[in-house]
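Trainee: Here it is, the structure, as structure tokens.
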Amino acid sequence: MKTKEERKQRKAERKRKPHFVRHSFGMAFGVIFLGAAIVIPQITMPFNGMLQGFMGDMDIDITEKKTQDILNQGKDLSMDIEREGAVLLKNENETLPLAKDVNKVNVFGWASTQWLGGGSGSGQIISTDETILTALKNYGIEYNEELEKMYQDFCGEREYKNALSSWPKDFSRLYEPDINDGESYTEELLQNAKDYSDTAIVVIGRPTGESNDNPQKQYKINKKDGEVVVDDTRTSLDLSTEEEALLTYAGANFEHVIVVLNTGNVMTLGQIETIDGIDACLLAGYTGQYAASVLPEILWGDVNPSGHTADTWAYDFNTAASYANAGENGVGSYSNGKGLYPYNGTSNGNLGEEFQYDQVSYEDYAEGIYVGYKWYETADAEGYWNQVENDHGKGYEGVVQYPFGYGLSYTTFDWELKDHSVEIAKDGSVSATVKVTNTGDKAGKDVVEFYYTAPYEKGGIEKSEVELGDYAKTKLLGPGESEEVVVTVSAEDMASYDAYDNNKNGFAGYELDEGTYTFSIRTDSHTVKNQFNIDLKDNIQYQEDGTTGNTVSNKFTGADAVDGVSLDGSESESGIIYLTRSDFAGTYPKENTKTREMAENVKKLNLYTDEMANDWIDENDEPITTGAKNNLKVEENGKLTELGIELGSDYDDPKWEDVLDQLTIKEMQTAVNYAYVNTGAFESVGKPIALDFDGPNQVGSFTQGMNASGTGFANATVLAQTWNKDLAFNQGLQMGQEGAAFGYGGLYGPSVNIHRSPLNGRNYEYFSEDSILSGLMSGNEVKGVMSAGMYVYIKHFICNDGESGIYRDSVYLWMPEQALREVYLKPFRILVEDYGATGLMTSYNRIGAVWAGGSEALLTGILRDEWGFKGTVVTDFSDHAEYMNGGQMLRAGGDIWMNMMSPINGETESASYQKALRETAKHIIYTYLNARVTNMNYAEKTGNTDILRPTITKQTNLVQKIVKVLYVLAAVLILWMAYALWKDVKKRKILKAEGYYEKKKQEKLAKKKK
């Protein structure tokens, strides 16, 4: 063992010696850290947007107090929307409003303990801070807590809460104990309830969500710890036998019975009309984060309900012309689809990797234009309901419970038609002035609905008996107070689309037939208050779009089909029989046949091929200029430059060319390829990366990450039920302010697909069954969002009107071009042409034979060539890149691919590809700049500088932080090791001079000899 002195000597000797190897390793580690710091940003560049969204950190030029003030405004606004969006469906004997001395109530229904603020999926909200029970308590109303405990003991919560990762039969389960079995509802509990209060509120709730259409049978649990019971005689949106029994009991045992509907979908509610003792029914919808708190205000009369339905509520879903081809039962499969996508081994990760698709599916929009009230009112006009007679009434009255646009009030109104137009001109419009007077004893608001009826000839252009043209909501009118409102519809908006020249005048396109047009003022789609006629002597044709002046022509029909296969299936052996007004009885859609063969011309387009991509190349295209040093910036230090303001104001400004010349291929490709929750950076011209959020009802709800979330609003249908354009604008403005305050640049939403069927699991996220109501409400919301400086990607272009179970990402949809244009495209056209929308999101489904996101007919033919759209088109989430082909998207007229992992498919070397990249880059930059310019213009117009978008002064993500740490570590290690190596050199010189190395050499030789 060495002595202390020997150890000391050895340590001193080590200190004198150089350590080249050790220090070289340290230097190597420093170089490795440096290399990692350089390489990691290159690897993670595609994910910068996602990383910023989920692991980001930013400094925003806004105080915490200002942010909190904005959020407080959002809370107040969300409650105002519910106050005007809740619909009073029934009110017998003026049961509502309840008397102020009614301060104790029984709240029945398991759903009362599981209040729904929103649906499931991208339209969800993060939390429901207020439920009907907490709202009652906060309002000062006591409720029977013994009932609450019984329901919680029966089942504490829903087992399946996420529609994206569950099957419809699980997610859509109904929970309600059977009141007749004496197990949960004991005699003592029921007697206590009668002793507690003579007023009963019965809550009926229905969860719905993305990827799940509502099942056409009921899966329910009616006993504590019981098994799932299946009732295949009722859909999940019908009342269950347990709910029906509960209503029967309540009606027989309580003086006042009020039903509250917590649903995002239309239901069938015939029992509330036929069961004795049901006094009132209030449609609350999904109330968002806070707005359940206003329900007691409505029930006790502090607020007079003024909501009107955004859909037709029928007694039986079977009476809808779309029913046979909607929901799970409406999806058919191709018998020869094996080996085609998705019947080629593709799995669905949301439902477990073990699941394999086992069919290629289709859905026929065989009802054509006859969706919602357009079907029910037209069928009534044609006498289709004449043979109906049941407990609810005869004819139409026995079919429709609550028409589209229906809603009751606590007061009454009188309407007087004061003035109206007397002619129809091609470039003109038809208006009516209506004086609305409150003739009751309570203050209230009313909705004036303006419809038109076009002349129809049997065998001619398909036309609905009535169509909504416009609407207006009054201010709050006190008793005896009046207001004049003006409603207007343009002649072009009334034009029907004749794809087949059905009226035999040699023209295919939008046109107005000659004849008598009836314009009616209605309280709902069925109830006329006043009307007037205008005769049109000559047919009017619209060969050009009235807004853009661009030529309008068939894009999806027959030989004119841009995508190669006619959308109506007429050239692909589909055998679809479309509903026609000339023979409703003979063409009414029957139950889906479930299977047919796919034609060869459709098979060829199943997936996008390299050959298709190469055919797109134009040899005459010249290579683009990239990387020019023009020193032009559109933004500096978080503020738009003068150039940025100019370009954001004018898409056609010639200065664009010099700006685009500066872009590099790499930054264009990155922006196009990796667009999940971000709109890419173009550092060469100063455009930073911008974060986008998915969640049309709440800022940051679906892609929250580390960023804060905003106000949870009621679902879009509730907003539509307000019939209040100003409230829609205010919600958009509010969401835009909240998004800007949290550092977001854009919003995935709103969603304006059509309530084609009540079964659609995403109806809660959409506005209405009607194109005009959807278009005008969403248009005002979009205008509000952009006024706050955020762009929008409006969903889903086009026809994501059903989730079609597990097959939604590739389902073939077939319909006439007239239906596509008049029903499904119309709200998007309104948004683009009338409200300046600059962003759209495409849908998962196919439109005919081609994926909507890769349809040249849709994205170029209609959107850009007809409507003059100048903004950005993003795909929906590309979780099946084989099918949602990014190369196909780019070539069809789309812009950015919502993807995280892989670049777009297809050829990327040609001048044609570069040209498309350049055009897409322009769309992206313009969309970003235009939203900020719109914000500046709105602030100037209103004089409200507080609305100006706050500046982001710093923007980093976790990877950027790690890279900074690596740079520091590399610098420290390299400098330290360089210093150590320098000292090693000096030590070596000293030791050499002292003869140390010669001495060691001699010692080694001596040792070797020994």
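The values are calculated or read from the model by the stated rules, or taken from the named source; none is laboratory data. Treat the numbers as computed from the prediction; the structure is a model and nothing was measured. Here the Cβ positions follow ideal geometry from the backbone for every residue, glycine too, while neighbour counts run over all protein chains shown.
Trainee: Only one of these is more than 19 Å from Gly270 (Cα to Cα), surrounded by fewer than 18 Cβ atoms within 10 Å (Cβ to Cβ) and either at pLDDT 95 or above or in contact with a Cys (Cβ under 8 Å, 6 or more places away or on another chain) (or both): Asp364, Asp427. Name it.
Mentor: Just one listed residue meets the conditions, Asp427.
Trainee: I'd like the full set of residues that are in a loop (DSSP other than H, G, I, E, B), surrounded by fewer than 21 Cβ atoms within 10 Å (Cβ to Cβ) and touching a residue at least 40 places away in the same chain (Cβ under 8 Å), limited to region 640-676.
Mentor: Within region 640-676, Thr641, Tyr651 meet the criteria.
Trainee: A further question on this structure: For region 119-165, how many residues are of a type outside the set (A, V, I, L, M), within 22 Å of Asn715 (Cα to Cα) and touching a residue at least 60 places away in the same chain (Cβ under 8 Å)?
Mentor: Start the filter on region 119-165 by keeping residues that are of a type outside the set (A, V, I, L, M), which leaves 119-124, 127-131, 134, 137-140, 142-146, 148-149, 151-162, 165.
From the residues that got through so far, the ones that are within 22 Å of Asn715 (Cα to Cα) too are 119-124, 127-131, 134, 157-158, 160-162, 165.
Right, trim to touching a residue at least 60 places away in the same chain (Cβ under 8 Å) and you get 119-124, 127-131, 134, 165.
Counting residues in region 119-165 that are of a type outside the set (A, V, I, L, M), within 22 Å of Asn715 (Cα to Cα) and touching a residue at least 60 places away in the same chain (Cβ under 8 Å) gives 13.
Trainee: Limited to region 549-569, what total is found for residues that are over 26 Å from Glu833 (Cα atoms) and loosely packed, with under 15 Cβ neighbours inside 10 Å? Break it down into steps so the answer makes sense when it comes.
Mentor: To start, the set of residues in region 549-569 that are over 26 Å from Glu833 (Cα atoms) comprises 558-559, 564-566, 568-569.
Keeping just the survivors that are loosely packed, with under 15 Cβ neighbours inside 10 Å gives 559.
Within region 549-569, residues that are over 26 Å from Glu833 (Cα atoms) and loosely packed, with under 15 Cβ neighbours inside 10 Å number 1.
Trainee: Of all residues in region 850-909, which are touching a His at 6+ places or on another chain (Cβ under 6 Å) and closer than 21 Å to Asn614 by Cα?
Mentor: If the condition is that a residue be touching a His at 6+ places or on another chain (Cβ under 6 Å) and closer than 21 Å to Asn614 by Cα, then Asp895 is the only one that fits.
Trainee: So, one more: Give the residue, chosen from Lys394, Lys374, that is buried (at least 20 other Cβ atoms within 10 Å of the Cβ) and among the basic types (Lys, Arg).
Mentor: Details: Lys394 fails: buried (at least 20 other Cβ atoms within 10 Å of the Cβ).
When all the criteria are applied, what remains is Lys374.
Matching residues to (1) modelled with pLDDT under 95; (2) more than 23 Å from Lys915 (Cα to Cα); (3) not assigned by TED's automatic domain parsing to the domain that holds Tyr793:
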residue	(1), (2), (3)
Ala628	no, no, no
Glu642	no, yes, no
Gly648	no, no, no
Lys655	no, no, no
Ala671	yes, no, no
Phe682	no, no, no
Lys687	no, no, no
Leu691	yes, yes, no
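Trainee: Of the residues Ser878, Ser855, only one is within 19 Å of the chain's Cα centre (by Cα) and within 11 Å of Thr842 (Cβ to Cβ); which? Quick ask: steps written out before the conclusion?
Mentor: Working: Ser855 fails: within 19 Å of the chain's Cα centre (by Cα).
None of the others qualify; the one that does is Ser878.
Trainee: Please verify whether region 320-340 includes one or more residues that are at pLDDT 95 or above, crowded, with 24+ Cβ neighbours inside 10 Å and within 30 Å of Leu71 (Cα to Cα).
Mentor: Within region 320-340 (the criterion being at pLDDT 95 or above, crowded, with 24+ Cβ neighbours inside 10 Å and within 30 Å of Leu71 (Cα to Cα)), the answer is no, since none of the residues qualifies.
Trainee: Filtering region 198-230 down to residues that are among the acidic types (Asp, Glu) and in contact with a strand residue (DSSP E or B) (Cβ under 8 Å, 6 or more places away or on another chain), which residue is farthest from Leu246 (Cα to Cα)? Lay out the reasoning, then the answer.
Mentor: Our first condition is that a residue be among the acidic types (Asp, Glu); within region 198-230, this holds for 198, 210, 213, 225, 227.
Narrowing further to those that are in contact with a strand residue (DSSP E or B) (Cβ under 8 Å, 6 or more places away or on another chain): 198, 210, 227.
Details: Asp198: 15, Glu210: 30, Glu227: 20 Å.
Restricting to residues being among the acidic types (Asp, Glu) and in contact with a strand residue (DSSP E or B) (Cβ under 8 Å, 6 or more places away or on another chain), the top hit is Glu210.
Trainee: Among the residues that make up region 690-700, is at least one of them in contact with a Pro (Cβ under 6 Å, 6 or more places away or on another chain) and either outside any helix (DSSP H, G or I) or hydrophobic (A, V, I, L, M, F, W, C) (or both)?
Mentor: First, the residues of region 690-700 that are in contact with a Pro (Cβ under 6 Å, 6 or more places away or on another chain): 696.
From what's left, either outside any helix (DSSP H, G or I) or hydrophobic (A, V, I, L, M, F, W, C) (or both): 696.
For region 690-700, residues in contact with a Pro (Cβ under 6 Å, 6 or more places away or on another chain) and either outside any helix (DSSP H, G or I) or hydrophobic (A, V, I, L, M, F, W, C) (or both): present.
Trainee: Which residues, taken from region 478-505, are in contact with a strand residue (DSSP E or B) (Cβ under 8 Å, 6 or more places away or on another chain) and of a type in the set (Ser, Thr, Tyr)?
Mentor: Within region 478-505, Ser482, Thr488, Ser490, Ser496, Tyr497 meet the criteria.
So that you can scan it fast, the table gives a plain yes or no per residue for (1) in contact with a Ser or Thr (Cβ under 7 Å, 6 or more places away or on another chain); (2) surrounded by fewer than 18 Cβ atoms within 10 Å (Cβ to Cβ):
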| site | (1), (2) |
| --- | --- |
| Ala892 | yes, no |
| Met898 | yes, no |
| Gly906 | no, no |
| Glu909 | no, yes |
| Thr920 | no, no |
| Lys954 | no, yes |
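Trainee: Name the residue that is farthest from Asn539 (Cα to Cα), counting only residues in region 407-447 that are among the hydrophobic types (A, V, I, L, M, F, W, C) and assigned to a strand (DSSP E or B). Show your work before the answer.
Mentor: Here is the first cut: in region 407-447, the ones among the hydrophobic types (A, V, I, L, M, F, W, C) are 408, 413, 415, 417, 422, 424-425, 430, 432, 434, 436, 443, 447.
This time we only want the ones that are assigned to a strand (DSSP E or B), so: 413, 415, 417, 430, 432, 434, 436, 447.
Working: Phe413: 38, Trp415: 33, Leu417: 28, Val430: 17, Ala432: 23, Val434: 29, Val436: 35, Val447: 33 Å.
Among those that are among the hydrophobic types (A, V, I, L, M, F, W, C) and assigned to a strand (DSSP E or B), it is Phe413.
Trainee: Across region 734-771, what is the total count of residues that are under 25 Å from Asp493 (Cα atoms), in a strand (DSSP E or B) and not small (Gly, Ala, Ser)?
Mentor: Qualifying residue count, region 734-771: 1.
Here is a yes/no grid of residues against (1) under 25 Å from the mean Cα position of the chain (by Cα); (2) buried (at least 19 other Cβ atoms within 10 Å of the Cβ); (3) modelled with pLDDT of 90 or more; (4) not hydrophobic (A, V, I, L, M, F, W, C):
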site: Ala111; (1), (2), (3), (4): no, yes, yes, no
site: Ser122; (1), (2), (3), (4): yes, yes, no, yes
site: Ile126; (1), (2), (3), (4): yes, no, no, no
site: Asp129; (1), (2), (3), (4): yes, no, no, yes
site: Lys137; (1), (2), (3), (4): no, no, yes, yes
site: Phe154; (1), (2), (3), (4): no, yes, yes, no
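Trainee: Does Glu255 satisfy the criteria of being in the same structural domain as Gly277 (by TED's automatic domain parsing), loosely packed, with under 15 Cβ neighbours inside 10 Å, modelled with pLDDT of 95 or more and in contact with a Ser or Thr (Cβ under 8 Å, 6 or more places away or on another chain)? Give the derivation first.
Mentor: On the way: in the same structural domain as Gly277 (by TED's automatic domain parsing): yes; loosely packed, with under 15 Cβ neighbours inside 10 Å: yes; modelled with pLDDT of 95 or more: yes; in contact with a Ser or Thr (Cβ under 8 Å, 6 or more places away or on another chain): yes.
Yes, satisfied.
Trainee: Please find, among Phe450, Phe404, the residue that is part of a strand (DSSP E or B) and crowded, with 23+ Cβ neighbours inside 10 Å. Before you say what the answer is, go through the steps one by one.
Mentor: Values: Phe404 fails: part of a strand (DSSP E or B).
The match here is Phe450.
Trainee: Looking only at residues that are touching a helix residue (DSSP H, G or I) at 6+ places or on another chain (Cβ under 6 Å) and closer than 20 Å to Val203 by Cβ in region 161-179, which one is surrounded by the fewest Cβ atoms within 10 Å (Cβ to Cβ)? Write out each step before concluding.
Mentor: Here is the first cut: in region 161-179, the ones touching a helix residue (DSSP H, G or I) at 6+ places or on another chain (Cβ under 6 Å) are 163-165, 171, 175-179.
Keeping just the survivors that are closer than 20 Å to Val203 by Cβ gives 171, 175-179.
Working: Phe171: 26, Tyr175: 22, Glu176: 26, Pro177: 22, Asp178: 19, Ile179: 21.
Of everything passing the filter in region 161-179, Asp178 is surrounded by the fewest Cβ atoms within 10 Å (Cβ to Cβ).
Trainee: Being under 18 Å from Ala921 (Cβ atoms) and of a type in the set (Asp, Glu) is the filter here, so list the residues in region 858-872 that pass it.
Mentor: None; the set is empty.
Trainee: May I ask you to verify whether Leu190 is at pLDDT 90 or above and surrounded by fewer than 21 Cβ atoms within 10 Å (Cβ to Cβ)?
Mentor: Numbers: at pLDDT 90 or above: yes; surrounded by fewer than 21 Cβ atoms within 10 Å (Cβ to Cβ): yes.
It is true that Leu190 is at pLDDT 90 or above and surrounded by fewer than 21 Cβ atoms within 10 Å (Cβ to Cβ).
Trainee: Right, something else. Of everything in region 710-730 that's part of a loop (DSSP other than H, G, I, E, B) and among the aromatic types (Phe, Trp, Tyr), which residue is surrounded by the fewest Cβ atoms within 10 Å (Cβ to Cβ)? Steps first, please.
Mentor: Pass one, region 710-730, residues part of a loop (DSSP other than H, G, I, E, B): 710-715, 722-724.
Subsequent filtering for residues that are among the aromatic types (Phe, Trp, Tyr) retains 713, 723.
Numbers: Phe713: 31, Trp723: 29.
Among those that are part of a loop (DSSP other than H, G, I, E, B) and among the aromatic types (Phe, Trp, Tyr), it is Trp723.
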